[in-house]
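The values are calculated or read from the model by the stated rules, or taken from the named source; none is laboratory data. Quantities reported herein were computed from a predicted structural model and do not represent experimental measurements. Every residue, glycine as well, gets a Cβ built from its backbone with ideal geometry; the counts of neighbours run over all protein chains shown.
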Amino acid sequence: MAAHLKKRVYEEFSKVVQIPHEEAPAKKLRLSKPSKSAALHIDLCKAASATDALQYLLEFARKPVEAESVEGVIRILLEHYYKETDNSVRLKIASLLGLLSKTNGFSPDCVVDDVINTLGNEKSHQVLAQLLESLLVIGGQLPESPAVRRRLVQVACKLLSDTNFGVRNKCLQLLGFLGTVETPLTKDGEGPSSSLGGVRDVQSIISTYFSDQDPRVRTAALKAMLQLHERGMKIHQIIYEQACRLLSDDYEQVRSAAVQMVWVLSQLYPESIVPIPSSNEEIRLVDDAFGKISHMVSDGSWMVRVQATKTLGSMLQVSPHFLEQTLDKKLMSDLRRKRTAHERAKELFASGEFSSGRKWADDAPKERLDTNTVNLIASGACGAFVHGLEDEMFEVRIAAVEALCQLARSSPSFAEKCLDFLVDMFNDEIEEVRLQSIHVLREISTHITLREDQLDTVLAVLEDSSRDIREALHELLCYTNVSTKECIQLALLELLKNLNKYPTDRNSVWKCLKFLGSRHPTLVLPLVPELLSTHPYFDTPEPDMDDPAYIAVLVLVFNAAKSCPTMPALFSDHTFRHYAYLRDSLSHLVPPLRLPGRKQVYSLDSVDSGCGSGSVESAKLFLQQSLNRVSTIQNLETPGAQDLLNFTIRDLQRLGELQTELAGAADFCATFLRCQLLLMKALQEKLWNMAVPLCPKQNVTATAAAQQILEETYKLEFLYNGLESRQVATIHHVRLQAKALQLVLTARTRPGLDLLIGSCEKFLQEIESFQRMFLTELPHLQDSFVDKLLEIMPRLLSCKPVELVKILQTTLRQSGLLQLRLPEQIHRATATIIEPTGESDNPLRFTSGLVVALDIDATLEHVQDPQDKVKVQVLYPDGQSHVIHPKPADFRKPGPTRHRLITQVYLSHTAWTEPSQVEVRLLLAYSSSSSSPSSSNKSGWSDSIDGLPPAEAAVEGTIPFSKPVKVFIMPKPARR
Amino acid sequence: MPEIKVTPLGAGQDVGRSCILVSIGGKNIMLDCGMHMGYNDDRRFPDFSYITQNGRLTDFLDCVIISHFHLDHCGALPYMSEMVGYDGPIYMTHPTKAICPILLEDFRKITVDKKGETNFFTSQMIKDCMKKVIPLNLHQTVQVDDELEIKAYYAGHVLGAAMVHIKVGSESVVYTVSVNKFALCHSGAAWIDKCRPDILISESTYATTIRDSKRCRERDFLKKVHETIERGGKVLIPVFALGRAQELCILLETFWERMNLKAPIYFSTGLTEKANHYYKLFITWTNQKIRKTFVQRNMFEFKHIKAFDRSYADNPGPMVVFATPGMLHAGQSLQIFKKWAGNDKNMVIMPGYCVQGTIGHKILNGQRKLEMEGRSTLDVKLQVEYMSFSAHADAKGIMQLIRMAEPRNMLLVHGEAAKMEFLKGKIEQEFNCYMPANGETVAVTTNPSVPVDISLNLLKREMTLGGPLPDPKKPRTMHGTLIMKENLVSSEQALKELGLNEHQLRFTCRVQLQDPHSDSDTLHRIYTHLKSVLKDYTIQHLPDGTVMVESIVIKVSSSAEDANAKVLLLSWSYQDEDLGSYLSSLLKKGLPT
């Protein structure tokens, strides 16, 4: 085996770089081709009964057929098709025809005619329908052939008069999928209009089936029309009326499709004018359609309601007059007009009256209604959203909220009007709806200013027990404009209450207050004395600096003070001290302030903030310069190289801390350079000069270095985001070097030849795979370790392991340092565990053997697909560790590159006598083609590195990427 | 023409005592059998003597259907079935069957034990009555007998309320009371097929009201309770035992859960507990939210709501108490009210309407000093709130129901006459609408299509005669005899079955004709003439001096007086009436010269 492998590698290498390795398996498959179709033929001939034949066909369908033999198989199937009398077998054959036509690389144009011919004398409707289905597939495979299409369309038109609904359905599908409208949109040279001359326009054919007796056919006709539209055909406006009629069909599927149809038409011809029946007025089509679809919001079937409500959201061209009607619901009580609760609230707010609804008959109806103006039955757009938002099914309500959002974003005046309704939705009984409406309000918040009474309702939600809701609300408050200082006070009060009730919301609340302050400096100003409880004459006691509530107030005040220079005059002494403290400890929440008498602070801050974008540029430059400097190191053995690397690594690390924008890049470079440094050190150890039997002790450091480099390379590859293939190649290269080092070390410590041969082979394979993977990158790797190895590859393959090791050793020492080129954007995946904080002294007590749930709350930055990758590791004091996969639903995505993991991990253990700490950390799991051999390598060498303690908490294929958090737990023995 | 007759015995232009008689396709059905809360004499129950003066009702009614468990819809049931006498089937849904006897028993206790009335139904009668009940499932079609079928639809309103679709042949009636379109707390929205009934009988209690969003009302309610609790006050909510109480409980329960509140909520004991139990069982009848969360927790297994004990009223700290009765006129709710009235931190929330004269009514109208028995006065310092939660459909809800069912006629019951007028006017813009008073009969003519079976022989014969296959799109006439009792057969078979001989019906007629030729010549000329006119018919000149056109015989005889005046004798059978009359008119015109 080994010899064979070597030979192959050798052959391939000695050839040109072209790699024709795909051919071998293809040849194998081709061999089985004739036997396969023949076997099918024999099987089918053998089949005594229909059941047997069906069985054969079913089995046949499970195996793939290669493209070359498809045609043969189809012919055989067709042959049997004509002979077969049983419907079910013919049906299966028909379905197989479609399945086979889908085979990659097979062009079904040669069988189209044969399949069409089978239609001619088919009696069974089901088989007919199935054949048409197969034709649909064939047609889909031949998008470039107008002749086939025309042919198929003709077939479909002919069979449209079939009595069976299934056949008609399929015909309509075919027409929708393949038909063209007679006058083509683009004037290309096909000229289908002339050739289609005899055939009627596809669209008019389809539209005649709008009034078919079978609802399924009606649906299919509508769907076919929609498909035509999707394919870019111009749908004529004539069918609008028909589509509108179908809105009141008896069957929900028809109504649902009709809603779509009407919507499509309203988007195509928004401005054309349609008459209003029973009057001689005319309105725009989009308005008419809007009214009709609004009417469907009170349909009997909730599916239709959802559909209609969703559709409403995308009709942005509708006139504002109609749009505003959707929020109108005339209230009526004993024929008197009643003001809605919203109106009442607004009036109360306007009049300054505080109490509401104290009296009986407070909402008593006032003016008398003219009975003629109350329109009950044909409501049109009237109150569509009012209905939608009050629907029984929450799906409809969510759809309504979303639609409101879309419409409000495009129309500020509508946004203002729908505010009341959205705020109402904050009290929905279903959490999803509440959450959605909060999000929506945030999205339209640029258009609106909340009134006090509305804010009151909004803030009431802060006490919600669901964390998602509260956080969404904090997010909303960050973006909200409020009108008065009372509002600010109210918001602060409620937020403090929230903080008191749910201390875990601390960060979120502070952040919210930061934005609230910086948005409304002038409204905060008059509140400052009260907020800081200062007094003009008396000194007030200094508040407790550790009180989260006090910090919250300060965050609000300081952020407001940033754009309000008069505010610091109101601060008392301790406030300034607290400012200095908070500016240091919570710098992301507290902005730099120009404070009188604090010049140093001021100047230092100005340096920090003043440089702005310039500093990023200079930092980039610095980064590049350091890299260039490093690249001057030609050889790993150059004197002074180690020092240079050491300094550069230190510089880069510091740079990463200072410039958050470049943290990823700097870290990446530093890690890379550290790998190089380790390699260098390992190679310069004295042990290389020593005789083999003397050195097992010294070996340890070098082995550890090799191991560490390997780990670092995995971190480099998987922890950073935005790498290009060039960098990946570089990383792999370093890994290869580390492996070579390991190999050399193994060879020195263990003279056992068998083991060595295996390792050598593996190493050679890896070189080969490296070459395959980074073929395009090889030119950039000139003069590197791999480059050199590849040059002498033929020799390597033929030489003995001992020789190989020697060659490796020298190549390693001679090869130069690879130059690292930085990609544009590079980010390091990070995770911060917010909860548990690890500060608690109270152990979590639970009965041993049972489980206890630990809440984990973490933010993940720059992690792609965290659902698959991120895991939670729990490390018990006795060394047991335990990896938990969080549910996909536990990940939330608050920002584009940010994820939030809120989950519960279940801990369990046998009894302890003392409370003790478990460590919780997040792991980033990775898997790549090269990671599996590495793990096998490790196991292969494990006996050779006995002296090395297993890396702490090393988990196969995972990188710890958050700081571990310690949690005190105390499993108690069960009481009996 | 067939008619559907509807006669309200109660609830015609009135609220309460719902009882409607429907005659449809020869079947008599009683819809609901309620009592009137406002009366204590005979007017309390519907006037069953309208159906029959003496004797039992069994012979006159095919079935009784109860829509839901409110007493104004089922209160007279034991009276009717046991005291007046009815042994036929009574239909109601499972939850109604479960809760109805509790309410009836309670009602009986109050009337007999508290008010001391005699001549009232007994507990045993309630039990006997319930034995006659056949439970209905939703959307299950029940065949009452061969022709009459009923089907129940979900109606919301209260637990187990149903709309009923009653069908005989192709005639149908939908009966719905108190449909609740917008879901309130615990019941879902009503839904019905597009069944296009001949008549939709609907309530119209809130016919002139279009209500505000339920969410606004809920929020108001919750906000008030929450504020009071936060102030440390106590909240008293007087309720009636069923329906509303459960609704508010669910509302508060969810709110407590949502807001993580800790203050206790108490529910005064009584029949409500039993009812709560049934609510737990019939969870599928409730709305989406409750049905959805049921897997985790049955909403009616209240976590925060506990049974109330008299002594709890003096406990310090905030609490919410639900207590019966709803109008603060007696019982526990009044006792608690007296205890708490003095503190302005406390609050009482009246969730429903209060009858004049009750304390509830007084305080709602702003009275701050109440005279209690024993000439003591009570200062009302606590806050008084009114909250409107009603599960009746508003005008829009009714309209939506109409849209869903698409009835041909509408009949309004269970509402005040003046308000009904308004709705009637609205509906009449689109189709007929009636609002009969009690005892007044409305007859709606229907036009049912009558399907007729055709005998296979006849069909086959027709097929052999008719040549090509019948085109389903074109009507075709055929001959046959309709036997009303069975199906359409050929006339021969019909004759045979009836034991009759076949009779030939022939028409003969004489036509005077001036023709100078001899008889035989005339005949020949007629023959040639007809031959030229009637090309498609077989025309024979028979040797016995007649011309046969199909089966029509033409003879010529000259009159004795005038040799020129010929008399043509035409004779045709009934089947050839068309051709015969045509020929006679043709020949009357004379022959061409």
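So here's what we get for this one:
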{"quantity": "Boolean, A:ILE238 is surrounded by fewer than 22 Cβ atoms within 10 Å (Cβ to Cβ), farther than 21 Å from A:ARG168 by Cα and modelled with pLDDT of 85 or more", "calculated": "yes"}
{"quantity": "Output for segment A:390-408, where each listed residue is within 14 Å of another protein chain (Cβ to nearest Cβ) and touching a Lys or Arg at 6+ places or on another chain (Cβ under 6 Å)", "calculated": "A:ASP391, A:VAL396"}
{"quantity": "Positions within segment A:291-310 being over 15 Å from A:LEU389 (Cα atoms) and more than 14 Å from chain B (Cβ to nearest Cβ), in sequence order", "calculated": "A:GLY291, A:ILE293"}
{"quantity": "Some residue of segment A:409-417 being buried (at least 21 other Cβ atoms within 10 Å of the Cβ), away from every other protein chain (no Cβ under 14 Å), of a type in the set (A, V, I, L, M, F, W, C) and not in a helix (DSSP H, G or I)", "calculated": "no"}
{"quantity": "Segment A:535-557: number of residues that are touching a residue at least 40 places away in the same chain (Cβ under 8 Å) and within 19 Å of A:LYS485 (Cβ to Cβ)", "calculated": "5"}
{"quantity": "Whichever residue in segment B:461-507 is surrounded by 12 or more Cβ atoms within 10 Å (Cβ to Cβ) and among the polar types (S, T, N, Q) and, among such residues, is modelled with the lowest pLDDT", "calculated": "B:ASN487"}
{"quantity": "Filter pass, A:LEU604 being aliphatic (A, V, I, L, M) and either assigned to a loop (DSSP other than H, G, I, E, B) or modelled with pLDDT of 80 or more (or both)", "calculated": "no"}
{"quantity": "Residue satisfying all of: in segment B:252-275; at pLDDT below 75 and not β-branched (Val, Ile, Thr); nearest to the chain's Cα centre (by Cα) among these", "calculated": "B:ALA275"}
{"quantity": "Some residue of segment A:450-468 being part of a loop (DSSP other than H, G, I, E, B), at pLDDT 85 or above and under 25 Å from B:LEU251 (Cα atoms)", "calculated": "no"}
{"quantity": "Among the candidates A:LEU473, A:LEU495, residue that is within 14 Å of chain B (Cβ to nearest Cβ) and either assigned to a loop (DSSP other than H, G, I, E, B) or buried (at least 18 other Cβ atoms within 10 Å of the Cβ) (or both)", "calculated": "A:LEU473"}
{"quantity": "Every residue from segment A:773-793 that is assigned to a helix (DSSP H, G or I) and within 18 Å of A:ALA740 (Cβ to Cβ)", "calculated": "A:MET773, A:LEU778, A:LEU781, A:PHE785, A:VAL786, A:ASP787, A:LYS788, A:LEU789, A:LEU790, A:GLU791, A:MET793"}
{"quantity": "Lone qualifier among A:SER465, A:SER437 - being without any contact (Cβ under 8 Å) to a residue 24 or more places away in the chain and either of a type in the set (S, T, N, Q) or surrounded by 23 or more Cβ atoms within 10 Å (Cβ to Cβ) (or both)", "calculated": "A:SER465"}
{"quantity": "Test set (1) in contact with a Lys or Arg (Cβ under 7 Å, 6 or more places away or on another chain); (2) at pLDDT 85 or above - B:LYS224 fails condition number", "calculated": "(1)"}
{"quantity": "Filter result (outside any helix (DSSP H, G or I) and either out of contact with any Leu (no Cβ under 9 Å at 6 or more places or on another chain) or within 18 Å of A:ALA67 (Cα to Cα) (or both)) within segment A:85-111", "calculated": "A:THR85, A:LYS102, A:THR103, A:ASN104, A:GLY105, A:PHE106, A:SER107, A:VAL111"}
{"quantity": "Subset tally (residues that are among the basic types (Lys, Arg) and more than 24 Å from the chain's Cα centre (by Cα)) for segment B:53-108", "calculated": "2"}
{"quantity": "Matching residues, segment B:103-125, being at positive phi and in contact with a helix residue (DSSP H, G or I) (Cβ under 7 Å, 6 or more places away or on another chain)", "calculated": "none"}
{"quantity": "Residue within segment A:140-151 that is of a type in the set (A, V, I, L, M, F, W, C) and without any contact (Cβ under 8 Å) to a residue 24 or more places away in the chain present", "calculated": "yes"}
{"quantity": "Test: A:PRO794 is surrounded by 18 or more Cβ atoms within 10 Å (Cβ to Cβ) and over 46 Å from the mean Cα position of the chain (by Cα)", "calculated": "no"}
{"quantity": "Exclusive hit being within 13 Å of chain B (Cβ to nearest Cβ) and of a type in the set (A, V, I, L, M, F, W, C), set A:VAL440, A:VAL509, A:VAL482, A:VAL433", "calculated": "A:VAL433"}
{"quantity": "Any hit, segment B:347-357, residues being assigned to a loop (DSSP other than H, G, I, E, B), among the aliphatic types (A, V, I, L, M), closer than 14 Å to B:GLU385 by Cβ and at pLDDT below 80", "calculated": "no"}
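Residue-wise test of (1) within 26 Å of A:LEU723 (Cβ to Cβ); (2) at pLDDT below 80.
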position: A:ASN646; (1), (2): yes, no
position: A:LEU652; (1), (2): yes, no
position: A:GLN659; (1), (2): yes, yes
position: A:ASP667; (1), (2): yes, no
position: A:TRP688; (1), (2): no, yes
